[in-house]
Every structure is written in structure tokens, then in C-alpha cells.
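Student: I'd like to ask you about the structure that follows.
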Amino acid sequence: MLAARARNIQRLARSFATVVDSTGVKVAAIDNNQPTSSVTVLVKAGSRFEPKDGVANALKNFAFKSTKSRSALGTVRESELYGGVLSTSLGREHLALTAEFLRQDAPFFVDVLTSFITSAKFTRHEFEEYVTPISEGETEAAAHDPATRALELAHSIAFRNGLGRSLFAPAHSHLSATDVQSYAASAFTKSNIAVLGTGIDQATLSSLVEKAFANIATTSSTSPASKYHGGETRVEGHGGPQTIFIGFGTTGAPTAEIATLAAHLSTTPAVKWSKGVSPLASIPEGTSVQSIYLPYSDATLFGLLVQSTSSAGAKEAAKSAVDALKAASKSIKPEALKSAIAKAKFAAANAAESREGLVNTLGSKVFSGSDASLESVLSSLDSVNAAGFSKVTSALVGSKPTYVVVGEASALPYADELGL
Amino acid sequence: MVFGPLGATLAPYVQSSRSLSKWVTPFAHWYANAAGWRKYGYKYDDLLVEENEPVQRALNRLTPAEKYDRAYRLKRACQQSVLHAPLPKEAWMKAEEDVRYLAPHVNEVMKEENERAKWDHMVVERK
């Protein structure tokens, strides 16, 4: 059964070709004969590259506003007529502009996406009337979510600049439409753009993209290589669960061993209504521990996010989380490693089933020009062995921890109290 | 409003004809000075009727500096009106400074409203 599934995935992966087409934009398409198509324009314009705090977020919210070919209203109304869905998402490295639509409407939706890249107007009144309120709303919502706050703080103390920059605009920002425009001008270049299509023919997508991107610049954005620092921070949070993030980071390309460790410590049970057999299954009621694995192109942040209704519960859960993490890094039973590898493989393969997950999984691979398929992800997980696992994890756990507390800062434990 | 917030105008027609604009322009300049708004420090666009939706939206699109200057001109002119006297001659609005700072924004707003109306009343036909 598992073998059959793996073969299926490989077939899917093989149909995923990467080309550098004649205009220099990377295009990859996969067609499984599904009734709808989606096209994602992935731009290296995440918060990592932003020159000013919040510019990347503002650029994301500027998507699908007026361009030379159609107004913001026209974009929305025409997309509604075709029955498509337009969406954007911002990561620390990439900005993704996605359109999902019925197969025959590809020319229109590719034009909507590409016209934003090539001829967005970035008008001041749209910035003030539409973009700023959304950016402010996102900042506000993020400030009320302790998990998001903890992860934002963890990134900023773990990586400081670059990856440490927030995905959200500061609460009181002094951005203007011209800041966004100049950031867009520097980011929207051929070598920064990759186009990923699902349910669309590679040749069709290439020809549509080739035409649209014929005249854009070819420079590339760079950001200094990430450096891991680590540290501790404690912030007061009102409402929401007591949150502790215990993280460790490494630099360099993400390794399969850390993904395996994340799967090993993941508390998601395989069977409904059970507690699972994870080493963290015995945490007290009302608490939760999530393993967080965030791979980036040149760094990885791994961590355990502990949440609880009470600070005492959070402390207890965090203690057992740290113990489990240390135990796993010292030695892991062969059968536990085997099931962790299987879990990690399933998570990776399952993520690639959804469109969003596929873009996340393959986006960075398309940029680096390497084999844009799931095969490489799965085979790297296959080659994880006990010796390599304990080497990588003990090095990871030996690094300086990134420790973030959001909630009752006076009652929640300090890093040294947990034995970090 | 038949002619929109900017009112009816023959200016495009006059400007499109070279001989006509040659005859009309001196008269237009004389009229702009004679009408007296420049004596009170106004720009022509300060006189635009602002009690309607499109112009209110256009006013929101001015830069902070433009908003401040407009408020200053309106207050100064009110004060002169109380005094029943125009400004001293050196404070009059110069012809070259009397530019249409608001009209482009009003036009933009009207264009958007027309587009919205077009989309609201369109008929979709199957090809």
C-alpha cells in the first residue's frame, strides 16, 4: 500500500519539469488532468529582502490593484465573471501571487498576474485607501495571536536581520506608495521570478509567460547569508494561551534529519481521539506542544511551541518537551526513527498534494534550478540513519537556544529553569 | 448632476482649435482676473462645490501639504471677507500658481465611478 502510494507520487513528480525559458523566467508546470488550473507567480520579494520594515507586507497587499491594463475594480469584477480566485501570500523569502481558474481561462488570469508584475501603478490613493488598512489589520491580528507573536520574535532573535525581519508591518509605519514602488522595481526582475502552474500544460504556460515578461529587467535580489544567533526574550501577552517557544536554528541548506526530528516530536496522533505514541504524549490536559520545522533556503529554524491555559501547565509541558528533545538528540530507538521517517515522508508528500503545499515544497527548488520534484525530498528522508540523525540533532540541540515567552512573563519559566 | 462636479465646460473644444483659442485666451485671462478670486488668494479649484461624494473623495487624495495649503487659503479668504477687503496686492494669487490641483483627482474619481456603473449594469453574453 505504502509502496503503491510512493510510486504514485513519483509518477506525479516526474511530470514536473523545470525549464528556464528563453526570456529567463523559470517556469514549471504539472498537469494531473484536474478540472481547474492554478498559476502561481513566485517572486523573491519576501520580508527577507525588504529595505524598510513592512514594505514586503505592503507589496503583498498591493497585489491586484490598478495596472496599466485594468483597474483594481476591473480586475475583481472580471475575475468574478470568469469564476476565478485570486490570492496572495507572503513568506520570509517569497511572495506568491496565485490565481485559480477553470482550464480555458488561463490567458486572462496569467495576464492578471503578469500585468501586476510588469505594469502596476502603485498609486498613492490606493495605498492609503486599500493597502494601509489591510496592513494595519494584519498587524493587529498578529498582535493578538500569541503563537504568531512568538514565532515572529523567535525569528528576529534567531536570525536578527534578513530572515529575522517581520512578515508584518510595524504598528506605526511611515511607508509611502513610492517605497513600495521602488521595492517592487528592484524585486520584479526575471531572475527573481518563477512561475508554477498546476493543471496547465507546460508549453501553454511558457508561451503565455514568455510574452508577458519579455521586457522586464534581469538583475537579481540578494541578501546576506543568514547567521544564527539565538537568545531569550519575554513579552507580556493579554488574552490567549500562555505560550513558550523553544527553538534551535542552523544555517546551510535544510537537512532531512531535522525534518525527521520534527516528525518524531510531533504530537499529532495517527488515530483520531487518541493521544498518540509521541514522546510528548503525556503532557498535562489543556496544554499542547507543536513541533515547528521551518526550512529556508540557507537556514532552518526548528522548535517546539508549547501552549497552555495556565502558566504552571505551560511550565510542566515545556519541561517534558525539553526532556524529550534532549532524549531524542542523545539516542533514538531504531523503530522510533523508522516511524519518524515514515511520518516525515508522509507529511512532505501530503503537503505536496495541496496547491499551497506544492508551491511551498517546490518553490525554492525551482529557484535554485535543482530537480523540482518530490523525489529528492523523499529520497533524502530515506537516507536518514541513526548515526547521522544523532549527529545532526545533538549539534542542533547543542547550539544556543532561541527562547521566547508570550503571556504572563512573571510566572512563565526562564530558559535555564527548563535546563536549556 | 448632468455635467458632473466640475460643471459644463467648452474648454476642450476651444483648445482643440488653434485660431479659436488664440482669440479666446486673452479674454479668459482677463475674466479670471476680473472675477476676483485671485484677489482673495484663492485658486480656481478652491471654488469647486465640495458638498458631494466625488469631490470629498478627491479631497482625501490630496497630499497633506496640499490639504494644509487649501485650508489656509480658505481661512485667509474668510478673514478678508469679514474685513470686506481683498488682500494686499502682493498677496494675490499669481496666474501661474493658479493651477488645477483638485480637478485631476475629481476626474480620476469620476472615471472610477463610471467604471463601477459600467460593471454594475453590464450584460454578460455567452459567446
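The values are calculated or read from the model by the stated rules, or taken from the named source; none is laboratory data. Please read these numbers as outputs of a predicted model, since none were measured by experiment. Quick reminder, even Gly has a Cβ in these numbers, built from the backbone with ideal geometry, and neighbours come from all protein chains shown. The protein model used for the area step is the full one, side chains on, heavy atoms only, and it has no ligands, DNA or RNA in it. Shrake-Rupley method; radii C 1.70, N 1.55, O 1.52, S 1.80 Å.
Student: Counting only C-alpha contacts under 8 Å and six or more residues apart, can you give the relative contact order of segment A:15-212 as a whole percent?
Tutor: This gives 40 percent for segment A:15-212.
Student: Probe radius 1.4 Å, ligands and nucleic acids ignored: give me the carbon and sulfur share of the accessible area of chain A as a rounded percent.
Tutor: The nonpolar share, carbon plus sulfur, comes to 55 percent.
Student: Stretch residue A:319-residue A:333 to full length: gain in nm at 0.36 nm per residue minus the Cα-Cα span?
Tutor: Length difference between fully extended and current span is 2.9 nm.
Student: Along the Cα→Cβ direction, 7 angstrom out, place labels at residue A:217 and residue A:128. What is the inter-label distance in nm?
Tutor: Output for this residue pair reads 2.8 nm.
Student: Which ³J(HN,Hα) values in Hz, rounded to whole numbers, follow from the phi angles of segment A:242-258 under the Karplus curve 6.51 cos²θ - 1.76 cosθ + 1.60, where θ = phi - 60° and Gly and Pro get x?
Tutor: 6, 10, 10, 10, 10, x, 9, x, 9, 10, x, 4, x, 10, 5, 4, 6
Student: Chain pair A, B: how much accessible area is buried, both chains summed, with a 1.4 Å probe, in Å² to 100?
Tutor: When A and B are taken together, about 1000 Å² of accessible area is lost.
Student: Please state the Cα pair-distance histogram of segment A:270-420 with 5 angstrom bins from zero: what percent is in each bin?
Tutor: 2, 8, 14, 19, 18, 17, 13, 7, 3, 0
Student: For the full complex of protein chains and a 1.4 angstrom probe, list A:353, A:128, A:375 by accessible area with the highest value first.
Tutor: From most exposed to least exposed: A:353, A:128, A:375.
Student: With the other protein chains left in place, how much accessible area per residue, in square angstrom, belongs to the protein assembly as shown at a 1.4 angstrom probe?
Tutor: Solvent-accessible surface per residue comes out at 51 Å².
Student: Run the quick spin-label model on residue A:185 and residue A:32: label points 7 Å from Cα toward the beta carbon, then report their separation in nm to one decimal.
Tutor: 4.3 nm
Student: What FRET efficiency do you get for residue A:238 and residue A:160 if R0 is 30 Å and r is their Cβ-Cβ distance, rounded to the nearest 0.05?
Tutor: Efficiency for this residue pair is about 0.65.
Student: Could you sort B:122, B:110 by accessible area so the largest value comes first, with the probe set to 1.4 Å?
Tutor: Sorted descending by solvent-accessible area, the residues read B:122, B:110.
Student: Can you compute 3J(HN,Hα) from phi for each residue in segment B:40-45, using the Karplus curve 6.51 cos²θ - 1.76 cosθ + 1.60 with θ = phi - 60°, rounded to whole Hz and x for Gly and Pro?
Tutor: 9, x, 7, 9, 4, 5
Student: Same structure again: Can you list, bin by bin at 20 Å, the percent of alpha carbon pairs in the protein assembly as shown, starting at 0?
Tutor: 18, 41, 27, 11, 3
Student: Let me ask something else. Helix-only estimate, please: 222 nm mean residue ellipticity of chain A, summing -39500 (n - 2.57) across DSSP H runs of length 4 or more and dividing by its residues, to the nearest 500.
Tutor: Value at 222 nm, helices only, nearest 500: -13500 deg cm²/dmol.
Student: For segment A:90-165, with equal point scatterers placed on the C-alpha atoms only and solvent neglected, what are the log10 I(q)/I(0) values from the Debye formula at q = 0.23 1/Å, to two decimals?
Tutor: With one equal scatterer per Cα and no solvent, log10 I(q)/I(0) is -1.09.
Student: Set the Förster radius R0 to 22 Å, insert the Cβ-Cβ distance between residue B:8 and residue B:108 as r into 1/(1 + (r/R0)^6), and round the FRET efficiency to 0.05.
Tutor: 0.70
Student: With 10 Å bins from zero, work out the P(r) of chain B over every alpha carbon pair and list the percent per bin.
Tutor: Percent of Cα pairs in each bin: 11, 32, 32, 17, 5, 2, 1.
Student: Got a sec? Which residues of segment B:59-75 lose 10 Å² or more of accessible surface with every protein chain in place, vs. that chain alone, 1.4 Å probe?
Tutor: Residues passing the criterion (a loss of at least 10 Å², heavy atoms only) are B:60, B:61, B:63.
Student: If you find the alpha carbon centre of segment A:348-406 and of segment A:211-232, how far apart are they in angstrom?
Tutor: Answer, in whole Å: 20.
Student: Still on this structure: Which whole-Hz ³J(HN,Hα) couplings does segment B:23-33 yield from phi under the Karplus relation 6.51 cos²θ - 1.76 cosθ + 1.60, θ = phi - 60°, glycine and proline marked x?
Tutor: Running phi through 6.51 cos²θ - 1.76 cosθ + 1.60 with θ = phi - 60° gives 7, 7, 4, x, 5, 4, 5, 4, 5, 4, 6 Hz.
Student: A further question on this structure: Assuming a viscosity of 0.692 mPa s and a temperature of 37 °C, what translational diffusion coefficient in µm² per second does Stokes-Einstein assign to segment A:175-221, Rh being the Kirkwood radius over Cα pairs?
Tutor: The estimated diffusion coefficient comes to 268 µm²/s.
Student: May I pose another question? Could you calculate the FRET efficiency of residue A:174 with residue B:31 from 1/(1 + (r/R0)^6), where r is the beta carbon distance between them and R0 is 45 Å, rounded to 0.05?
Tutor: Calculated value: 0.55.
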